[in-house]
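The structure appears right after this line, and notes come after that.
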Amino acid sequence: MNPSPNPASPADGPLPLIAVTMGDGAGIGPEVVVPALLDQDTLRRCRPVAIGDAARLRQAARLRGIDCEIVPVSGPEEAEFTPGRINVIDLDLLPADLPWGQLSAVAGDAAYQYIAVAAELAMSGAVQGICTAPLNKEALHAGGHIFPGHTELLAHLTGVDEVSMMLATPTVKVIHVTTHIGLIDAVNRIEPGLVERTVRRGHEAMVRAGTPNPVIGVCGINPHAGENGLFGYGEEEEKIVPALEVLRADGIDARGPLPADTAFFLAGRGDYDLIVAMYHDQGHGPVKVLGLEAGVNLTVGLPVIRTSVDHGTAFDIAGTGKADAGSMIEALRQAAEMSSAPAR
């Protein structure tokens, strides 16, 4: 197995630029973005630039009792990275008296605009990663943007037809062939083309993050990966094996189909860089047991890696200064780890 990528350092070249969207301004997004962008460990790994409203970020800093300088910039190229400074591409879309913790079409539209700018920066190569604070789907819809969430919105804005979800712990990364559909539907949807494309997206993400030859373990569908036809109806041979044959012929080290119960054990001890799960709970359950403490998911298949927190806008505590920034800090750390360094 290849060693995990190490955080970049100035001696290795420039740190990746990460666009950090503020999310819904009526929620806790501004309150978790401010401490995340000031976190010293974050600044050792990447160069984060916020996209949002400078005035709202200043309000959030005051709520949290944080003394910092929030400086509008026109783009990442203008940003300066010094202690106590937050660089923000200021879209200035929110009214000064926007209530905290209340559904707002204005905030929903603004959240969309922040993402649109991040997508433009990604498409142009101006940033190497995107990290998103939470948006509110109802507010997004009220603002005239009918998307289920960040993933579909970013795919639309970047012209990508298909993306994959990846979860990460300190020891294991997992990419999913299917996610938010029922188990019977998931089994029906799995086919060699989808398995192959998912593995390729995972392989590309690992290479971009600094693991040039990742070892990829691919789970089966049935218990014991079917155990040579003893369990199931030959799904592994029909749906997974043809994809693995194509991938291996192309030089991708994809191994399987593996019994899922042992695949995660082997990955946890370091035998695999990436595990491919066939359906939601096959991947999510073991990952959370193995230590997804801060809760981060990644979207792969976009022009750049995108990471996000695992919580919502938390309107019930927005504006109180009580929001925990831990998940935002971890999401930004994962964005830094999984993003390639910019060209020198």
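Details
- Calculated [θ] (222 nm, deg cm²/dmol) that DSSP helices of n ≥ 4 give over the chain, each run adding -39,500 (n - 2.57): -11000 deg cm²/dmol
- Convex hull volume per residue, computed on the Cα atoms of region 23-127, equals 89 Å³.
- Overall, region 164-290 carries a charge dipole of about 500 debye about its Cα centre when +1 sits on the Cβ of Lys and Arg and -1 on the Cβ of Asp and Glu, all other atoms neutral.
- Heavy-atom accessible surface of region 104-256: percent carbon and sulfur, 1.4 Å: 52 percent
- What separates the Cα centres of region 172-197 and region 224-245 is a distance of 14 Å.
- Using alpha carbons only: equivalent-ellipsoid semi-axes of the chain, gyration tensor based, whole Å: 37, 22, 17
- Net charge contributed by nearby residues that have their C-beta within less than 14 Å of Leu244 (K/R +1, D/E -1): -4
- When region 211-344 is described by a simple charge dipole with +1 on each Lys and Arg Cβ and -1 on each Asp and Glu Cβ, the residue from Leu247, Gly268, Leu298 located farthest towards its positive end is Leu298.
- Under 11 Å, Cβ to Cβ, from Asp41 - net charge with Lys/Arg +1 and Asp/Glu -1: +1
- Between Ile181 and Glu237, the FRET efficiency estimated from the beta carbon spacing at R0 = 30 angstrom works out to 0.85.
- In this structure the chain gives 41 Å² per residue of accessible area when probed at 1.4 Å with all protein chains present.
- Residues Lys288 and Glu77, FRET efficiency given R0 of 45 Å [Cβ-Cβ distance, rounded to 0.05]: 0.70
- The chain - percent relative contact order, Cα under 8 Å, separation 6 or more: 26 percent
- Value in Å of the Kirkwood radius, where region 164-290 supplies the Cα pairs that are averaged: 14.2 Å
- Sites listed here are trypsin sites (Lys or Arg not before Pro) in region 203-298 whose DSSP assignment is loop and whose Cβ has at most 15 other Cβ atoms within 10 Å: Arg269.
The values are calculated or read from the model by the stated rules, or taken from the named source; none is laboratory data. Predicted model only: the values in this text are computed from it and were never measured. Please note: Cβ atoms are built from the backbone with ideal geometry, for glycine as well, and neighbour counts cover all protein chains shown. For accessibility, only protein heavy atoms count, side chains too; no ligands or nucleic acids. Shrake-Rupley method; radii C 1.70, N 1.55, O 1.52, S 1.80 Å.
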